[in-house]
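Enquirer: Handing you this structure, nothing more for now.
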Amino acid sequence: MSAPRFRAILGLSIALAMLSMAEASFAQQAPAPQQALVPPPSELPPAPAIAPSQATVAGAPADAATASSDSVSRSVKSTTVALRELSPWSMFLSADIVVKAVMIGLALASLVTWTIFIAKMIELSLVTRRLRDALTQISEARSLAEAQLALGASRTALSSLLAAAMREARLSAGISSDAGIKERAASRFSEIVRAEARRIRLGMGLLATIGATSPFIGLFGTVWGIMNSFIGISKSQTTNLAVVAPGIAEALLATAFGLVAAIPAVIIYNHFARMTKGYLELVGRSSGAAGRLLSRDLDRTHVSSIRAANSRAAE
């Protein structure tokens, strides 16, 4: 090995040794990381007492969370109670004034319907039975006088027809035209039948009006209530069912009132239409019976007058 190379290697080894010694000395002189000095428990100072206000502030988040949970539970319970209290009466009390007016009007219409039903049922049953009995009583009568005697003091359509026939026969005394007398009597009979039809149909027009208009009146209340519900939704800015349901339920209650008033009115009207038709058929039979009795009396009058004339001629 040449001398210059040996010197370079020796200088490099000395430099590396000195560098390693410098790193070791630097590591020994570097300060150690400070550790938190915790004194023993006996040397610790007493803990300061916490004021009540500070304790309240410290416990405020927990109390707030508890209060919020309690309020949520109370709101849920109140919502449940409110949903359970959606009875027809409570919905009526909480409804809008227009919806209330619609419900009250429909309730009155329903009351009128059932009042007419009771009154007309009694009236039609009585007049139909009396007229049928009167026709049975005069079935064997041979003249108007016998028919009136058989009826007595009963006041029926047949009694009015017989009285009209007797009046026309009396007013037409001395007139030889039987056709004229019968025509005038038939005119009187037609007036009596029309008057009886008007009387027996009294109240049925009101039933028809209630049955035709009640659903639309209830629908008006429903539209008004739903409109108010949507206005309330826009003001509350929520679509929660607990907020929307009461108003819609109140609106639908108006429709229910309309149907409750309309359905019985239509059914009762149809029932009375059938009963009235049967009664007017009996009145027509009575008119025919009175006309036949008048015709017999006229024939007897002519026969008796002919016999009287023949007897006078024979004398």
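The values are calculated or read from the model by the stated rules, or taken from the named source; none is laboratory data. Just so we're clear, the structure is a prediction, and the values are computed from it rather than from any experiment. Please note: Cβ atoms are built from the backbone with ideal geometry, for glycine as well, and neighbour counts cover all protein chains shown. We work out accessible area using only protein heavy atoms, side chains counted, and drop any ligands, DNA or RNA first. Shrake-Rupley method; radii C 1.70, N 1.55, O 1.52, S 1.80 Å.
Enquirer: Kindly sort Trp89, Trp114 by accessible area of their heavy atoms, largest first, with the probe set to 1.4 Å.
Expert: The most accessible residue leads, giving Trp89, Trp114.
Enquirer: A follow-up question, please. How far apart, in nm, are the 7 Å Cα→Cβ label points at Arg285 and Asn270?
Expert: Placing both labels 7 Å beyond Cα along the Cβ direction yields 2.6 nm.
Enquirer: Still on this structure: Report ³J(HN,Hα) in whole Hz for each residue of the stretch 122-128, in order, from the Karplus equation J = 6.51 cos²θ - 1.76 cosθ + 1.60 where θ = phi - 60°; Gly and Pro get x.
Expert: 5, 5, 5, 5, 5, 5, 5
Enquirer: Taking 22 Å as R0, compute the FRET efficiency from the Cβ-Cβ separation of Ser90 and Leu219 and round it to 0.05.
Expert: 0.45
Enquirer: So, R0 is 35 Å and r is the distance between the beta-carbons of Ala153 and Ser177; what FRET efficiency does that work out to, to 0.05?
Expert: Calculated transfer efficiency: 0.55.
Enquirer: What order, most packed first, do the peptides 247-257, 199-209 have when packing is the mean number of other Cβ atoms within 10 Å of each residue?
Expert: Put in order of decreasing packing, that is 247-257, 199-209.
Enquirer: With the radius of gyration and the Kirkwood radius both derived from the Cα set of the stretch 147-303, what is their ratio Rg to Rh?
Expert: A ratio of 1.42.
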